[in-house]
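Right, one structure below, let's go through it.
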Amino acid sequence: MAETTHGTGGLAFDRSKRAWPNEVNIFIALILIVAIFEALGQLLPYMKGQSLLFDTNDRFDSIFNEARLRIIILQVSIIGIIAIGVTQVIITGGIDLSSGSIVGATAMIAMSFGQTELVNGNPNPKAIFGLWAMDLPVVVPVLVGLGCGLVAGGINGLLIAYTRIPPFIATLGMMVSARGVAKWWSHGNPISFPTDQYASIGSGMMPVVWFVLLALLFHLILKFTVYGKHTYAIGSNEDAARMSGIAVARHKVLVYTIAGMLASFAAIVLSSKNLTAQSGMGLVYELDAIAMAVIGGVSLAGGRGSIVGTVLGALIFGVIISGFTYLRLDAFYQEMVKGGIIVAAVVLDQWRQHRAAMKS
Amino acid sequence: MSDEIVLKTEDLTKHYGGVQALEGADFELRKGEHVAIMGDNGAGKSTFVRQITGVEQRTRGRIRLYGEDVNFAGPLEAREAGIETVFQTLALADDLDVPDNLFLGREITRLDFLGPFRVLDYRAMRDATLAGLKKTAVKIPDIRNTIRNMSGGQRQCVAIARTATFHSRLTIMDEPTAALGVQETEQVENIIRTLKTQGEPLILISHNMRQVFDLVDRIVVFRRGRICANLLKSETDGQDVVAYITGAKTQPEYAEAA
């Protein structure tokens with residue numbers, strides 16, 4: 001190869017050969033999708049020249065339609081928190097189907113420790129426990145909730161790492177079981193009326209704040225810590241990781257546990273935002289979270305992807321959902337197209353991998 | 001000083017169930033010496049290496065590294081003791097770059113109290129990588145390139161560069177050029193010559209007669225799980241070695257192997 005003739009013993013930095021970061025492609029895709037919706041707004045006669053993201057009626061101070069922007073990021077941030085964990089799992093070459101059910105189970109269990117005693121002067125009609133569990137400090141439901149994720153994610157990780165069953169099966173089992181826990185906990189009754197403190201966790205734009213903070217934290221962790229490096233190494237070549245002395249099994253337990261805890265934190269934020277917990281909460285969230293990661297360039301083959309990509313994937317996801325509402329398309333079509341987008345993202349990833357393999 | 005024994009095995013034996021993959025191997029490697037291990041497929045070469053590097057546990061026998069008895073529970077322990085192995089199947093993570101791969105499993109870190117979340121010292125690892133590459137005269141255009149984007153030769157060079165980076169006490173290469181083109185093979189052979197001039201001891205497993213005669217001082221031939229010849233390069237030739245490999249000849253001191 002031509003580059004090897006430099007003769008500087010690896011001291012030359014040949015930037016030109018480095019690949020364009022994939023996140024740039026995804027960002028361009030995001031812009032393109034927005035542009036398509038904007039164009040449709042102009043072209044479709046019934047849209048009367050409305051805009052998706054821009055303020056056409058001078059309702060806001062900036063040039064953007066701030067209300068819609070807010071909805072888009074609010075919509076994706078709770079599932080986005082789950083997607084941060086799912087991203088790490090997929091980078092190790094695994095998959096986590098249990099996060100949606102962990103959301104359901106955690107919301108129920110955490111909320112039952114976050115209830116308030118009196119609702120408008122009357123006893124809480126949805127009380128699960130006796131008075132001892134009413135008006136507890138907010139750390140109690142939060143720790144209990146995170147504990148749920150720790151246990152569920154930990155079981156996932158232990159099963160995958162030590163029984164060597166495929167992640168798909170282990171987390172499918174957890175998906176069914178955790179949903180069962182969610183239904184059993186209060187025999188299907190919703191759990192409502194949290195304390196003010198609990199309600200403040202996910203009120204207003206707080207879900208977005210949590211999403212951004214957690215995304216930033218895990219971006220730094222994946223990029224700059226041993227944990228991150230080993231996560232990529234395992235997904236890239238598990239045998240090499242093992243031969244290099246990485247404790248692969250232990251690391252996988254850690255990754256699945258963190259994913260479980262992120263799902264349970266999303267459950268706390270969601271139940272706080274909705275002021276109630278129901279056993280059906282988080283249904284198919286696992287698939288949406290996987291979709292965000294995959295759209296964001298996280299390779300299902302493992303080893304590649306980033307939190308930045310997943311955040312962009314989440315935004316693409318949000319823009320598409322919001323864009324369909326804006327085009328006044330029925331929810332049925334949204335689901336159909338959502339499925340198509342997930343498949344398209346995987347096809348694109350395969351194609352990209354194939355091309356990379358051809359190049360080398 | 002040059003007579004110091006780097007590696008010595010006595011009666012090294014490995015049985016897989018009833019299969020005697022390796023039987024009573026007595027082997028010696030001196031400081032600065034480059035030794036080739038040759039033999040037909042299934043002759044026990046790779047089995048021999050796997051016992052030394054702790055990938056497998058031996059059935060019987062002793063391994064001494066610089067005079068000390070060693071018992072490696074796994075490849076990492078062997079590596080910590082200074083045995084660097086370039087495996088037939090490259091133990092590299094495709095999606096990571098060169099320093100990441102060199103330091104995989106033994107990263108230079110800061111803030112170690114953070115446990116698994118301790119922070120990587122990228123700068124230190126990069127500097128050490130460049131120093132290691134310089135020492136072996138390995139040429140890689142951009143060490144920040146991922147392994148996936150490299151040619152087979154460059155990948156092999158990265159695997160070999162690990163040796164130099166970690167001041168290994170013994171380097172083992174299992175068919176390092178089997179999958180490489182002519183030019184790339186030459187590159188790897190040059191690195192091996194560099195290691196020789198630096199006095200780094202090496203065990204080379206190879207099927208390539210020309211390469212072996214080019215690079216090493218001594219040839220040890222395996223046949224059906226046993227050592228059947230120990231030949232100084234200066235006292236043998238290709239035909240002779242082939243005779244030992246195929247079983248046409250056996251050295252008298254190894255007669256029981258026949």
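Yes/no matrix, rows are residues, columns are (1) modelled with pLDDT of 90 or more; (2) under 22 Å from A:Phe27 (Cβ atoms); (3) within 14 Å of chain B (Cβ to nearest Cβ):
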| position | (1), (2), (3) |
| --- | --- |
| A:Val308 | yes, yes, no |
| A:Leu312 | yes, yes, no |
| A:Val319 | yes, yes, no |
| A:Tyr333 | no, no, no |
| A:Gly339 | no, no, no |
| A:Leu348 | no, yes, no |
| A:His354 | no, no, yes |
| A:Lys359 | no, no, yes |
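Step by step: first the residues of region A:183-222, then only those that are within 14 Å of chain B (Cβ to nearest Cβ) and touching a residue at least 60 places away in the same chain (Cβ under 8 Å), then the one that is nearest to A:Trp132 (Cα to Cα). Which residue is that? Spell out the reasoning first.
Just the residues of region A:183-222 that are within 14 Å of chain B (Cβ to nearest Cβ), to begin with: A:217-222.
With the extra rule that they be touching a residue at least 60 places away in the same chain (Cβ under 8 Å), the set shrinks to A:218-219, A:222.
Working: A:Phe218: 36, A:His219: 40, A:Leu222: 41 Å.
For region A:183-222, the residue satisfying everything is A:Phe218.
Take region B:102-148 and flag every residue that is more than 24 Å from A:His219 (Cα to Cα), not hydrophobic (A, V, I, L, M, F, W, C) and not in a helix (DSSP H, G or I). Steps first, please.
Taking region B:102-148 as the starting set, the residues that turn out to be more than 24 Å from A:His219 (Cα to Cα) are B:127-142.
The next check asks that each one be not hydrophobic (A, V, I, L, M, F, W, C); those that pass are B:127, B:129, B:132, B:134-136, B:139, B:141-142.
Matches in region B:102-148: B:Lys139, B:Pro141, B:Asp142.
Output the number of the condition that A:Leu131 fails; it satisfies all remaining conditions of (1) within 30 Å of A:Arg304 (Cα to Cα); (2) out of contact with any Phe, Trp or Tyr (no Cβ under 7 Å at 6 or more places or on another chain).
(1)
So, in region A:1-44, exactly how many residues are within 14 Å of chain B (Cβ to nearest Cβ) and at pLDDT 80 or above? Let's see the steps before the verdict.
Filtering region A:1-44 for residues within 14 Å of chain B (Cβ to nearest Cβ) gives A:1-22.
With the extra rule that they be at pLDDT 80 or above, the set shrinks to A:22.
The number of residues fulfilling the criteria is 1.
Within region A:266-287, can one find any residue that is within 25 Å of A:Ser203 (Cα to Cα) and either among the charged types (D, E, K, R) or within 14 Å of chain B (Cβ to nearest Cβ) (or both)?
Yes, region A:266-287 contains a residue that is within 25 Å of A:Ser203 (Cα to Cα) and either among the charged types (D, E, K, R) or within 14 Å of chain B (Cβ to nearest Cβ) (or both).
For residues that are buried (at least 22 other Cβ atoms within 10 Å of the Cβ) and either at the interface with another protein chain (Cβ under 7 Å from one of its Cβ atoms) or not polar (S, T, N, Q) (or both), tally how many sit in region B:126-138. Walk me through it before giving the result.
Keep residues of region B:126-138 that are buried (at least 22 other Cβ atoms within 10 Å of the Cβ), which gives B:129, B:132-133, B:136, B:138.
Of the ones still in play, those that are also either at the interface with another protein chain (Cβ under 7 Å from one of its Cβ atoms) or not polar (S, T, N, Q) (or both) are B:132-133, B:138.
The qualifying residues number 3.
Test B:Gly82 against the stated conditions and say whether it is surrounded by fewer than 23 Cβ atoms within 10 Å (Cβ to Cβ) and either among the acidic types (Asp, Glu) or within 8 Å of chain A (Cβ to nearest Cβ) (or both). Step through it out loud before you land on a result.
Values: surrounded by fewer than 23 Cβ atoms within 10 Å (Cβ to Cβ): yes; either among the acidic types (Asp, Glu) or within 8 Å of chain A (Cβ to nearest Cβ) (or both): no.
In short, no.
Step by step: first the residues of region A:137-158, then only those that are within 15 Å of A:Thr195 (Cα to Cα) and aliphatic (A, V, I, L, M), then the one that is nearest to the chain's Cα centre (by Cα). Which residue is that?
If we take residues in region A:137-158 being within 15 Å of A:Thr195 (Cα to Cα) and aliphatic (A, V, I, L, M), then A:Val142 is nearest to the chain's Cα centre (by Cα).
If you scan region A:306-338, which residues turn out to be of a type in the set (Asp, Glu) and within 23 Å of A:Val86 (Cβ to Cβ)? Working first, answer last.
Here is the first cut: in region A:306-338, the ones of a type in the set (Asp, Glu) are A:330, A:335.
Once the filter is applied, which keeps residues that are of a type in the set (Asp, Glu) and within 23 Å of A:Val86 (Cβ to Cβ), region A:306-338 yields only A:Glu335.
Looking only at strands (runs of 3 or more DSSP E) that fall completely inside region B:153-258, which ones have 2 or more residues that are of a type in the set (Lys, Arg)?
Details: elements: B:170-174, B:202-205, B:218-223, B:226-232.
Per the criteria, B:218-223.
Name every residue in region A:282-301 that is buried (at least 24 other Cβ atoms within 10 Å of the Cβ) and either in a loop (DSSP other than H, G, I, E, B) or among the hydroxyl-bearing types (Ser, Thr, Tyr) (or both), in order of residue number.
A:Gly282, A:Tyr285, A:Gly296, A:Gly297, A:Val298
I'm trying to understand the selection: among the residues of region A:135-185, which are within 18 Å of A:Met281 (Cα to Cα), surrounded by fewer than 15 Cβ atoms within 10 Å (Cβ to Cβ) and among the hydroxyl-bearing types (Ser, Thr, Tyr)?
Once the filter is applied, which keeps residues that are within 18 Å of A:Met281 (Cα to Cα), surrounded by fewer than 15 Cβ atoms within 10 Å (Cβ to Cβ) and among the hydroxyl-bearing types (Ser, Thr, Tyr), region A:135-185 yields nothing.
Would you pick out the residues in region A:80-96 that are surrounded by 24 or more Cβ atoms within 10 Å (Cβ to Cβ) and not in a helix (DSSP H, G or I)? First the steps, then the outcome.
Residues of region A:80-96 surrounded by 24 or more Cβ atoms within 10 Å (Cβ to Cβ): A:80-92, A:94, A:96.
Across region A:80-96, the qualifying residues are A:Thr92, A:Gly94, A:Asp96.
Just checking, which of B:Gly54, B:Gly18, B:Gly42 is surrounded by fewer than 19 Cβ atoms within 10 Å (Cβ to Cβ), of a type in the set (Gly, Ala, Ser) and over 24 Å from B:Val212 (Cβ atoms)?
On the way: B:Gly54 fails: surrounded by fewer than 19 Cβ atoms within 10 Å (Cβ to Cβ); B:Gly42 fails: over 24 Å from B:Val212 (Cβ atoms).
None of the other options fit; the residue is B:Gly18.
Quick one: B:Arg148 ticks every box in (1) more than 14 Å from every other protein chain (Cβ to nearest Cβ); (2) at pLDDT 80 or above; (3) more than 22 Å from B:Asn41 (Cβ to Cβ) except a single one, so which number is it?
Single failed check for B:Arg148: (1).
Out of region B:224-256, which residues are under 17 Å from B:Ile205 (Cα atoms) and among the aliphatic types (A, V, I, L, M)?
B:Ile227, B:Ala229, B:Leu231, B:Leu232, B:Val241, B:Val242, B:Ile245
Starting from residues that are buried (at least 18 other Cβ atoms within 10 Å of the Cβ) and within 23 Å of B:Leu104 (Cα to Cα), keep the ones in region B:57-79 and report whichever is farthest from the other protein chains (Cβ to nearest Cβ).
Taking region B:57-79 first, the residues buried (at least 18 other Cβ atoms within 10 Å of the Cβ) are B:58, B:63, B:65, B:72, B:75-76, B:78-79.
Right, trim to within 23 Å of B:Leu104 (Cα to Cα) and you get B:72, B:75-76, B:78-79.
Working: B:Phe72: 11, B:Pro75: 5, B:Leu76: 3, B:Ala78: 10, B:Arg79: 7 Å.
My answer is B:Phe72.
For A:Ala39, indicate whether it is surrounded by 15 or more Cβ atoms within 10 Å (Cβ to Cβ) and assigned to a helix (DSSP H, G or I). Full working, then the answer.
On the way: surrounded by 15 or more Cβ atoms within 10 Å (Cβ to Cβ): no; assigned to a helix (DSSP H, G or I): yes.
So A:Ala39 does not fit the description; no.
Taking region A:93-105 only, how many residues are more than 16 Å from the chain's Cα centre (by Cα) and at negative phi? Steps first, please.
Just the residues of region A:93-105 that are more than 16 Å from the chain's Cα centre (by Cα), to begin with: A:93, A:105.
Among the residues that remain, those that are also at negative phi are: A:105.
Residues flagged as more than 16 Å from the chain's Cα centre (by Cα) and at negative phi within region A:93-105 amount to 1.
For region A:242-265, what are the residues that are among the basic types (Lys, Arg) and either crowded, with 24+ Cβ neighbours inside 10 Å or away from every other protein chain (no Cβ under 12 Å) (or both)? Let's see the steps before the verdict.
First, pick out the residues of region A:242-265 that are among the basic types (Lys, Arg): A:242, A:250, A:252.
A:Lys252, the sole residue that qualifies.
Checking the condition within 28 Å of B:Phe113 (Cα to Cα) and either modelled with pLDDT under 95 or of a type in the set (Val, Ile, Thr) (or both), which residue from A:Ser236, A:Ser203, A:Ser186 passes?
On the way: A:Ser203 fails: within 28 Å of B:Phe113 (Cα to Cα); A:Ser186 fails: within 28 Å of B:Phe113 (Cα to Cα).
One residue alone meets the criteria, A:Ser236.
So in region B:157-168, with the set limited to residues that are touching a helix residue (DSSP H, G or I) at 6+ places or on another chain (Cβ under 7 Å) and either hydrophobic (A, V, I, L, M, F, W, C) or modelled with pLDDT of 80 or more (or both), which one is nearest to B:Leu92 (Cα to Cα)?
B:Val158
So which residues in region A:111-124 are farther than 19 Å from A:Gly202 by Cα and without any contact (Cβ under 8 Å) to a residue 40 or more places away in the chain, if there are any at all? Give the derivation first.
First pass over region A:111-124, keeping only residues farther than 19 Å from A:Gly202 by Cα: A:117-124.
Selection gives A:Glu117, A:Leu118, A:Asn120, A:Gly121, A:Asn122, A:Pro123.
The values are calculated or read from the model by the stated rules, or taken from the named source; none is laboratory data. Only a predicted model underlies this, so the values are computations on that prediction, with no experimental measurement involved. So basically every Cβ, Gly included, is an ideal-geometry build from the backbone, and we count neighbours across all protein chains shown.
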